[in-house]
Amino acid sequence: MSSALARLHPALVWRWNRTRTVLALLALLLPVMLVLALASGPVSVPTVQIVQSLLHAISVSEIHGQQDWIVRELRLPRALLAMLVGAGLAVAGAITQGVFRNPLADPGLIGVSSGAALAAVAVIVLQGSLLAGYAELTGVFALPLAAFAGGLIVTWLIYRLGTRQGQTQMAMLLLAGVAINVIAGALTGILTYMADDEQLRSMTFWSMGSLAYGQWSEIAVLALCIALPLLALPRFAALLNALLMGEAVASHLGFAVQRGKRWLIIAAAMMVGAGVAVAGMIGFIGLVVPHLLRLLMGPDHKALLPGCALLGASLLLLADTIARTWLAPADLPVGLVMAVIGGPVFLSLLLQQARRVMA
Amino acid sequence: MIKVQELSLFSRDKILVNNISFELQSGERLAVLGANGAGKSSLLKTLASERSPDQGNLLLDGELLAGYPARLRAKRIAVLPQQVELAFPFKVQQVVAMGRIPHGDEHHSETLQREAMQLMDVWHLRQRSYPSLSGGEQQRVQLARVLLQIWQPPQDENGRILSRLLLLDECTSALDPAHQHAVMQQVKQFADDHVAVMAVLHDIALAASWADRVLLLKQGKVWAQGDVNLLTEAALLQQVYDLPAHLAQRYAEQNGAWLRAG
């Protein structure tokens, strides 16, 4: 069959390899996770109603009845938020690991997220005083923009600290990350003492990460900050692949390495910053998702980046559904759920690398 | 095809390369030799456009290399570094295919990829994961990638065929003697198709058996350059490497034997 097609034209043979199978399964997994997330909660909603509500939401029609309202106004914003943040963090993780040439370089572990969180908290606490001018100037973008800047500064700092002549030292990277996490954590702590009660309430979720405060207005801003880099990234897949062999090799292959790397770091910081601004610190997505996918489909970024977006979205949806329903009516911070899943994965990765260094 | 004019390179507090000039034609094999710190690698990095000249010029067919578009440069100049560290589990075939990135046909050049892998004797490894290979196998895979990058001569917009340059930076240091000679032999065969090759080499005997011209550097300066027969002159080796006389004599005799054999 396929050879007959190949005789007609080689491009007609759709090579059904493993990478494509994984991508197809991931594309199927995401809607399943979405329906599951929309269905579960204190009031369970039948699947038919969910599909109807989604169609209503797309056609922007009036809300019909209580279940429609629950799905569209309570659960859908939160689910969209989970998908966007999850996709952004997973892809940002893959990019950071590519730029640092190290599978352990998770934005959370190396301090990018806490840098972003510190900047966001500073805006919340100081927007009435020191940063009043900034808050007025930037409006709805005040938080995401600050978080983006915070993430960018930390990424740059870590890059300067952990990289010598284009080679990233694993130990230096992680230790610098520990130090930056401590510093950012302490400064955030100091800011909490300056905050009033209302500011404190809106800050508490930052340290643990939660999707409970998703609003339509925030989702729009977030979608912009995550969709833009996601759409631009396919152009950088070949550069990321080449960068894994070192900056010199990438430049020999004709890439403008410094410029490309700068764009990649900005894209990662933008996605992490936007995610942190609306959902606080959710760690390990950027570590677990790319790691799992490299095992399943190999490290080629052409497939890895879209795969990370799909699986990151699915995984955070699942984790958030667990966070909402496990100890209901309590709403666990999803960051804790992710840490429980991600911590062991990080340890096993660390062991793997240590073994390679010993061998 | 490539012309180095009065090139000098400086680091913060010392002169790495001091006023070097030479020329390399298509089909020529030039070995760059010298003691550690003589400026060999700095010279090669400049030709590879990893760093820019502090003084002097590099001309590629009469055009300044510095102003040359990076993508087109990559179709004409390929570089094999001393070692390529790659911790991510790419398959051998994927690594080799990256040599086609400048041409934009990584996924549509299977025939060329197979030819390059067969030349470097890594075709049977194509489905293996790169990090699981031995150092020697990895280096052969890298050479296949680098050769694939300049496998065919590119053409300019008028259909004129452009020359190609291969730069090798102590690329055989991870290989055993059998593979050292096999690899350099294959490079020779590849270069016979009008490719200029410049190889920085540590092993004088390997240079004698492979090169047709040599460039001997000492403390950043050209001490001597010319035909490979220079390597049989004991006095010259003694000066370039600061060798004791009896050792230089032995190396010179050994090189003579290699030259007669080659």
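The values are calculated or read from the model by the stated rules, or taken from the named source; none is laboratory data. Quick caveat, the model's predicted, so the values are computed rather than measured. Positions of Cβ are backbone-derived with ideal geometry, glycine not excepted, and every protein chain shown enters the neighbour counts. These area figures cover heavy atoms from the full protein model, side chains too; ligands, DNA and RNA do not enter into them. Shrake-Rupley method; radii C 1.70, N 1.55, O 1.52, S 1.80 Å.
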Original post:
Restricting to the range A:223-257, what's the tally of residues that are among the β-branched types (V, I, T) and facing chain B (nearest Cβ under 10 Å)?
Top reply: 2
**OP:** Would you be able to tell me the number of residues in the range A:329-346 that are open to solvent by 30 Å² or more (accessible area, probe 1.4 Å) and under 20 Å from the mean Cα position of the chain (by Cα)?
**Re:** 8
**OP:** Assess whether B:V141 counts as being β-branched (V, I, T), within 30 Å of A:Q352 (Cβ to Cβ), out of contact with any strand residue (DSSP E or B) (no Cβ under 6 Å at 6 or more places or on another chain) and crowded, with 17+ Cβ neighbours inside 10 Å.
**Re:** yes
Original post:
Taking the range B:84-99, which residues are under 16 Å from A:R18 (Cβ atoms), facing another protein chain (nearest Cβ under 7 Å) and part of a helix (DSSP H, G or I)?
Top reply: B:Q94
Original post:
From the set of residues in the range B:14-55 that are among the hydroxyl-bearing types (S, T, Y) and assigned to a loop (DSSP other than H, G, I, E, B), which is nearest to the other protein chains (Cβ to nearest Cβ)?
Top reply: B:S49
**OP:** Tell me which of these A:L327 doesn't satisfy, since it passes every other one: (1) in contact with a Phe, Trp or Tyr (Cβ under 8 Å, 6 or more places away or on another chain); (2) within 30 Å of A:V43 (Cβ to Cβ).
**Re:** (1)
Original post:
Can you name every residue in the range B:19-58 that is touching a helix residue (DSSP H, G or I) at 6+ places or on another chain (Cβ under 7 Å) and not small (G, A, S)?
Top reply: B:I20, B:R29, B:V32, B:L33, B:E50, B:R51, B:P53, B:L58
**OP:** Please specify each residue of the range A:258-301 satisfying the condition of being open to solvent by 10 Å² or more (accessible area, probe 1.4 Å) and within 14 Å of chain B (Cβ to nearest Cβ).
**Re:** A:Q258, A:R259, A:H291, A:L292, A:R294, A:L295, A:L296, A:M297, A:G298, A:D300
**OP:** Quick one: B:E85 ticks every box in (1) closer than 29 Å to A:L292 by Cβ; (2) surrounded by fewer than 17 Cβ atoms within 10 Å (Cβ to Cβ); (3) in contact with a helix residue (DSSP H, G or I) (Cβ under 8 Å, 6 or more places away or on another chain) except a single one, so which number is it?
**Re:** (3)
**OP:** Look at the range B:56-83 and say how many of its residues are within 8 Å of chain A (Cβ to nearest Cβ) and either basic (K, R) or within 21 Å of B:R114 (Cβ to Cβ) (or both).
**Re:** 4
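For the range B:203-225, enumerate the residues that are of a type outside the set (A, V, I, L, M) and touching a residue at least 40 places away in the same chain (Cβ under 8 Å). Write out each step before concluding.
As a first pass, look at the range B:203-225 and keep what is of a type outside the set (A, V, I, L, M): B:203, B:209-210, B:212-213, B:218-221, B:223, B:225.
Scanning the range B:203-225 gives B:S209, B:W210, B:D212, B:R213, B:K218, B:Q219, B:G220, B:K221, B:W223, B:Q225.
Please find, among B:P154, B:P102, the residue that is open to solvent by 10 Å² or more (accessible area, probe 1.4 Å) and within 12 Å of another protein chain (Cβ to nearest Cβ). Spell out how you get there, then give the answer.
On the way: B:P102 fails: open to solvent by 10 Å² or more (accessible area, probe 1.4 Å).
Exactly one of B:P154, B:P102 is open to solvent by 10 Å² or more (accessible area, probe 1.4 Å) and within 12 Å of another protein chain (Cβ to nearest Cβ), namely B:P154.
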**OP:** Could you run through the range B:142-201 and say how many residues are within 25 Å of B:K91 (Cβ to Cβ) and of a type in the set (K, R)?
**Re:** 1
